[in-house]
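So the structure is just underneath, and the comments pick up after that.
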Protein chains: 2
Amino acid sequence: MAHALSESLRAAFQGRVIEDRDALAPHLTDYRKRWTGRSIALVQPERTEDVAALVRWCGEHGVSLFPQGGNTGLVGGSVPDDSGHSIILSLARMNAIVDVDPYNNTLTAQGGAVLASVQEAAARAGRLFPLSLGAEGSCTLAGNLSTNAGGIQVLRYGNARDLCLGLEVVLPDGQVWNGLRGLRKDNTGYDLKQLFIGAEGTLGIITAATVKLFPRPAAQMTAFAAVPDAHSAVKLLALAQSCLSASLTAFELISGPAVALVLHHMPGARSPVETQAPYYVLLESSDAENEAHATARFEALMAAAFEDGIVTDAAIASSLAQSAAFWKIRHHLPEAQTADGENVKHDISLPISRIGEFIDAAGAAVQRVLPGARIFVFGHVGDGNLHYNVSAPAGSDAEAYRAMRASEKTISQAIYDVVAGMNGSISAEHGVGQLRVSTVAGYKQPVEMAMMARIKQLFDPKGIFNPGRVVARQ
Amino acid sequence: MAHALSESLRAAFQGRVIEDRDALAPHLTDYRKRWTGRSIALVQPERTEDVAALVRWCGEHGVSLFPQGGNTGLVGGSVPDDSGHSIILSLARMNAIVDVDPYNNTLTAQGGAVLASVQEAAARAGRLFPLSLGAEGSCTLAGNLSTNAGGIQVLRYGNARDLCLGLEVVLPDGQVWNGLRGLRKDNTGYDLKQLFIGAEGTLGIITAATVKLFPRPAAQMTAFAAVPDAHSAVKLLALAQSCLSASLTAFELISGPAVALVLHHMPGARSPVETQAPYYVLLESSDAENEAHATARFEALMAAAFEDGIVTDAAIASSLAQSAAFWKIRHHLPEAQTADGENVKHDISLPISRIGEFIDAAGAAVQRVLPGARIFVFGHVGDGNLHYNVSAPAGSDAEAYRAMRASEKTISQAIYDVVAGMNGSISAEHGVGQLRVSTVAGYKQPVEMAMMARIKQLFDPKGIFNPGRVVARQ
């Protein structure tokens with residue numbers, strides 16, 4: 001029967017079918033190697049109509065379809081489940097940049113286009129596509145939109161959702177919706193594209209998208225500031241937004257212990273400022289004028305912040321190399337944490353005004369569950385997004401690590417309860433995938449979960465698109 | 001039976017019931033006096049639970065519910081149909097500003113809050129709520145969100161949709177969804193609020209919303225420039241975005257005949273520039289620094305534009321009074337058109353890069369239908385949005401006006417066909433309402449219309465919320 005299925009599959013569409021066990025293996029396991037599934041094959045259609053034909057084939061044969069972009073997701077949303085009665089859909093052969101329109105400030109690309117190639121196509125036209133994240137060398141545009149990716153410039157340019165003007169989507173019944181419009185205003189009915197953005201491939205396959213471009217900044221400037229506490233970081237954000245307005249493109253908080261961890265594990269690294277502080281802020285501005293103007297604005301901001309007592313020390317990068325060194329501390333954090341040992345990670349968001357209060361309350365809650373736990377906090381505070389990671393007490397032995405693993409759920413729940421109490425979100429940018437399906441259900445109202453389930457049922461009554469992700473199986 | 005219905009209605013919720021014919025009359029007819037409907041009563045609940053109770057009552061009695069904000073819409077979406085078996089829902093008694101959080105840059109208000117009062121509450125907290133449109137003194141936040149309102153600063157801050165972070169919604173089955181989160185990042189499932197924004201009250205009643213605030217600009221600057229053609233206006237937009245980046249907050253195109261019409265009908269008005277040109281552009285910048293900086297940036301922009309030959313004359317306002325005089329020309333356009341006589345109005349959007357080409361092609365198409373027609377073009381070109389209005393030939397008599405009225409549909413269709421051929425939208429910011437239900441269906445793919453109808457059916461199977469608007473009756 002498996003053989004007959006394969007024959008039928010190959011005939012169903014134009015494109016490549018990968019069934020070889022070794023070639024298939026990297027697509028069955030996620031990036032963090034936490035989930036491994038099984039599939040009949042990975043298929044790479046060549047055209048939208050072929051995706052549609054494949055989808056119809058899946059519907060007819062009751063085979064699930066698991067879309068996979070760069071397979072860089074962190075919540076197990078990009079690998080198949082273990083039923084084995086499934087296909088992995090890759091748009092690797094549908095990666096064309098279809099059109100760049102500099103006067104409309106739009107770019108249209110197929111869903112399989114790698115994010116970096118979209119950024120580069122925009123740059124060649126003298127424009128900026130601002131979506132930027134660690135995985136940009138391998139993640140795809142369709143994956144970014146399906147997961148509503150965030151990254152480091154959300155503060156200024158928004159999430160992937162905010163950057164999207166139009167979509168082409170293959171629906172679970174095999175119909176193609178061409179909604180590839182590059183319009184800033186279009187009030188002709190329900191904004192259907194919003195349903196597919198952030199739906200993690202459970203409602204439709206995004207085969208192409210039209211996204212917004214922006215002018216390229218004339219100069220970028222980086223500063224690293226020591227602040228006396230998290231509350232001061234929030235005040236510094238307000239001051240920076242008032243002084244720099246939309247020129248403020250990144251505002252990252254890093255706790256003192258997190259900076260110390262990087263300095264310990266990264267050879268040759270040194271702190272940009274002499275002062276040891278409980279928190280640091282990494283700021284970036286994108287200036288429409290020039291470097292001198294950007295520097296003057298940053299200096300004025302820091303002078304005002306010193307005066308207000310919300311910054312105790314600051315360094316402004318005087319070269320691209322120095323700017324890169326500042327950012328390296330931020331980017332090296334996950335690696336330093338890995339070197340330090342296991343930890344329990346959280347990707348949460350809060351009203352920005354409550355970040356200081358949250359850090360105090362969550363810290364106390366964690367200590368109650370795991371006395372002596374070390375907490376490493378960093379994140380995109382300009383968006384209210386914290387990566388809040390808990391490590392075993394200093395000098396822990398293997399036994400202590402085992403104990404931490406055993407209480408992982410209790411630790412997370414303690415943190416999530418504080419998040420929920422402050423009207424925050426337990427998944428800011430990483431999504432739901434398979435990791436958080438049941439956890440999310442515990443923190444949303446039944447009426448909201450019911451709406452989601454009914455929409456899933458409406459679009460995908462057979463449950464063939466990424467089943468068990470975002471919404472639990474019916 | 002009508003009496004029994006009224007008794008039952010009064011008992012169904014806490015709030016005011018208006019049944020008096022004279023008091024009801026202004027709510028039955030739209031702002032432009034094109035549509036008049038009938039209703040049992042206008043009701044003004046006091047709390048969200050009362051809205052929910054009312055909705056349940058409507059469902060039980062098979063009575064339609066027509067939500068009405070400031071009744072300032074232009075497409076007949078805010079008045080009841082003529083069945084008479086309906087209730088008008090007003091949130092006039094639910095107009096509180098619930099919370100302003102300057103550090104989170106958010107404001108939460110009830111749906112009946114008048115837009116101007118939301119702007120003022122933001123200003124009192126030292127922040128900007130940037131949604132701004134002609135009707136802001138009477139339109140409501142729930143109406144703005146339900147219609148995804150646009151206005152004059154969309155170029156910088158986006159439409160109402162882009163300004164919304166969270167909603168509280170009463171669903172057609174009487175359940176309340178509290179989605180009032182003030183988060184910039186929240187990837188915990190389908191972004192349900194997007195369904196209700198721009199749905200014109202057909203899927204749910206928006207009873208409260210959390211919206212984004214921004215820093216207030218330190219200075220605003222206005223310029224008025226003469227350009228040799230519409231293509232140059234588009235080039236000027238690109239240059240202005242490159243020079244001013246996000247400081248460019250408005251970019252309005254006005255055709256030469258449109259400016260002449262205003263100057264003719266507005267006593268004491270004079271053109272800001274000496275040069276007579278086929279097109280003019282009104283630009284506004286919002287500067288984070290000060291007036292001197294804003295002026296210097298505008299002067300540099302205009303110098304570069306002169307050099308490129310895309311601007312032939314320009315004036316930069318040197319006082320608030322002068323800036324107001326520039327804007328008055330733009331704002332007086334609808335009134336000048338009314339004084340000139342009847343005209344056929346269109347609210348369309350296009351890829352910005354195709355605006356010049358569109359104006360040429362649409363002009364030719366209109367002349368074929370109505371030789372000698374005068375065309376008045378103006379609009380938010382920074383968003384690709386044109387108000388494209390057709391008037392009878394100069395010196396037309398009553399007979400010619402009758403002829404124009406008779407061919408109104410043909411004129412619109414000629415224009416819409418050009419719009420559709422350029423992948424534009426036939427309703428940019430005014431919405432669908434009852435005016436454009438069938439027209440929109442002719443310009444959207446069947447798969448898209450079917451998705452809309454199925455979503456309406458899913459949320460409102462009894463068809464009680466604003467029936468016949470956006471989606472045709474099932």
Exception for residue A:122 within (1) modelled with pLDDT of 95 or more; (2) open to solvent by 30 Å² or more (accessible area, probe 1.4 Å) falls at (2)
Would you confirm whether or not region B:150-158 contains a residue that is within 27 Å of residue B:454 (Cβ to Cβ) and at the interface with chain A (Cβ under 7 Å from one of its Cβ atoms)? no
Evaluate the following for residue A:185: is it within 7 Å of chain B (Cβ to nearest Cβ), in contact with a helix residue (DSSP H, G or I) (Cβ under 9 Å, 6 or more places away or on another chain) and basic (Lys, Arg)? yes
For region A:159-174, how many residues are part of a loop (DSSP other than H, G, I, E, B) and within 12 Å of the chain's Cα centre (by Cα)? 1
Flag if residue B:358 is outside the structural domain of residue B:399 (by TED's automatic domain parsing), of a type in the set (Phe, Trp, Tyr) and farther than 15 Å from residue B:254 by Cβ: no
Please verify whether residue B:131 is of a type in the set (A, V, I, L, M, F, W, C) and at the interface with chain A (Cβ under 8 Å from one of its Cβ atoms), treating the condition exactly as stated. no
Counting residues that are within 14 Å of another protein chain (Cβ to nearest Cβ), which strands (runs of 3 or more DSSP E) fully inside region B:302-397 reach at least 3? B:347-349, B:385-391
Hey, can you tell me all the residues within region B:432-474 that are touching a Ser or Thr at 6+ places or on another chain (Cβ under 7 Å) and within 7 Å of chain A (Cβ to nearest Cβ)? B:432, B:440, B:444, B:470
So which residues in region B:160-170 are facing chain A (nearest Cβ under 10 Å) and open to solvent by 10 Å² or more (accessible area, probe 1.4 Å), if there are any at all? B:161, B:162, B:165
Matching entry among A:285, A:255 (being at pLDDT 95 or above, among the hydroxyl-bearing types (Ser, Thr, Tyr), farther than 23 Å from residue B:128 by Cβ and in contact with a Pro (Cβ under 9 Å, 6 or more places away or on another chain)): A:255
Kindly indicate whether residue B:193 is modelled with pLDDT of 95 or more and facing chain A (nearest Cβ under 7 Å). no
Within region A:286-301, count every residue that is assigned to a loop (DSSP other than H, G, I, E, B) and either more than 33 Å from the chain's Cα centre (by Cα) or among the aliphatic types (A, V, I, L, M) (or both). 1
Scanning region A:11-36 for residues that are at positive phi and either touching a residue at least 12 places away in the same chain (Cβ under 8 Å) or not assigned by TED's automatic domain parsing to the domain that holds residue A:82 (or both) gives A:15
Taking the stated definitions as given, is residue B:199 in contact with a helix residue (DSSP H, G or I) (Cβ under 8 Å, 6 or more places away or on another chain), within 11 Å of chain A (Cβ to nearest Cβ) and either surrounded by 20 or more Cβ atoms within 10 Å (Cβ to Cβ) or modelled with pLDDT under 95 (or both)? yes
Suppose the filter is in contact with a Ser or Thr (Cβ under 6 Å, 6 or more places away or on another chain) and either closer than 30 Å to residue B:285 by Cβ or open to solvent by 10 Å² or more (accessible area, probe 1.4 Å) (or both); does residue B:212 pass it? no
Tally up the residues in region A:383-422 that are under 12 Å from residue A:373 (Cβ atoms) and among the small types (Gly, Ala, Ser), please. 8
For strands (runs of 3 or more DSSP E) lying entirely in region A:1-69, having 2 or more residues that are closer than 24 Å to residue A:178 by Cβ picks out A:41-45, A:64-68
If I go through region A:398-431 residue by residue, how many of them are among the β-branched types (Val, Ile, Thr) and more than 14 Å from every other protein chain (Cβ to nearest Cβ)? 4
Region A:222-241, subset away from chain B (no Cβ under 14 Å) and of a type in the set (Gly, Ala, Ser), residue surrounded by the fewest Cβ atoms within 10 Å (Cβ to Cβ): A:226
Number of the exception - residue A:347 against (1) modelled with pLDDT of 95 or more; (2) surrounded by fewer than 21 Cβ atoms within 10 Å (Cβ to Cβ); (3) out of contact with any helix residue (DSSP H, G or I) (no Cβ under 7 Å at 6 or more places or on another chain): (2)
Which one of A:39, A:8 is more than 18 Å from residue A:170 (Cβ to Cβ), open to solvent by 30 Å² or more (accessible area, probe 1.4 Å) and in contact (Cβ under 8 Å) with a residue 24 or more places away in the chain? A:8
Does any residue of region B:397-414 turn out to be within 25 Å of the chain's Cα centre (by Cα) and closer than 24 Å to residue B:264 by Cα? no
Can you pull out every residue in region B:295-328 that is open to solvent by less than 50 Å² (accessible area, probe 1.4 Å) and not aliphatic (A, V, I, L, M)? B:295, B:297, B:298, B:309, B:313, B:323, B:326, B:327
Of the listed residues (B:89, B:115, B:74), the one being within 14 Å of chain A (Cβ to nearest Cβ) and either without any contact (Cβ under 8 Å) to a residue 60 or more places away in the chain or of a type outside the set (S, T, N, Q) (or both) is B:74
For region B:242-285, which positions are within 12 Å of chain A (Cβ to nearest Cβ), hydroxyl-bearing (Ser, Thr, Tyr) and outside any helix (DSSP H, G or I)? B:249, B:285
All but one of (1) under 21 Å from residue B:471 (Cβ atoms); (2) under 20 Å from the mean Cα position of the chain (by Cα); (3) buried (at least 24 other Cβ atoms within 10 Å of the Cβ); (4) not basic (Lys, Arg) hold for residue B:194; which doesn't? (3)
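The values are calculated or read from the model by the stated rules, or taken from the named source; none is laboratory data. Because the structure is a prediction, the values reported are computed rather than measured. So basically every Cβ, Gly included, is an ideal-geometry build from the backbone, and we count neighbours across all protein chains shown. Surface areas here come from the heavy atoms of the whole protein model, side chains and all, with no ligands, DNA or RNA. Shrake-Rupley method; radii C 1.70, N 1.55, O 1.52, S 1.80 Å.
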